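To start, the structure under review is shown below, and the notes come after it.
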Amino acid sequence: MREIKYLDGSLVGLQVTFADGSSLVGSSWADWSLVLELRGDTLMPDYFYPPESFHFSELDSALSAQEGDELRLGEMLSNEGNTLVRIEMTIGQSPIIIRSHAGDIVVEYQ
């Protein structure tokens, strides 16, 4: 699991990588919606543009998924406009909350 950040360190996304080379990317759009994308690769998504303005940041091993850990999606919360704004998930035994707040992505590791 790794964070996607601007070069200044601001968080813009979270990528969970899987053993088969695919990944799940969570990010927040300008309309304040939370977006989850299942991808067939672990590359930087092309909507983080220009690519030289972003980088991956590996998480501390205590927070990262270990090979064989199961990803379980939990409660998903939408706002009154039926836009996804929060999702709870668990990777292995680690609960994670991803939410959109004022157009920014917020990731809470518990």
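The values are calculated or read from the model by the stated rules, or taken from the named source; none is laboratory data. Since this is a predicted model, take the numbers as computed values, not measurements. Cβ placement follows ideal geometry from the backbone for every residue including glycine, while neighbour counts extend to all protein chains displayed. Note: areas computed on protein heavy atoms with side chains; ligands, DNA, RNA excluded. Shrake-Rupley method; radii C 1.70, N 1.55, O 1.52, S 1.80 Å.
Structure values in brief
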item: Pairs with Cβ under 6 Å, 6+ apart, first in segment 84-103 and free of Cβ contacts under 8 Å to residues at least 60 places away in the same chain, second open to solvent by 40 Å² or more (accessible area, probe 1.4 Å) and outside any strand (DSSP E or B); result: Val85/Asn79; Gly92/Asp69; Pro95/Gln110
item: Strands (runs of 3 or more DSSP E) (entirely within segment 1-86) containing at least 1 residues that are open to solvent by 50 Å² or more (accessible area, probe 1.4 Å); result: 2-6, 11-17, 34-39, 54-58, 71-78
item: So Glu108, is it closer than 25 Å to Asp8 by Cα and either among the β-branched types (Val, Ile, Thr) or open to solvent by 40 Å² or more (accessible area, probe 1.4 Å) (or both); result: yes
item: Search result, residues across segment 31-54 that are over 17 Å from Val107 (Cα atoms) and of a type in the set (Gly, Ala, Ser); result: Gly40, Ser53
item: Where a residue in segment 5-16 is farther than 19 Å from Arg39 by Cβ and its partner, wherever it lies, is open to solvent by 50 Å² or more (accessible area, probe 1.4 Å) and in a strand (DSSP E or B), with Cβ under 9 Å and at least six apart; result: Tyr6/His55; Leu7/His55; Ser10/Asp104
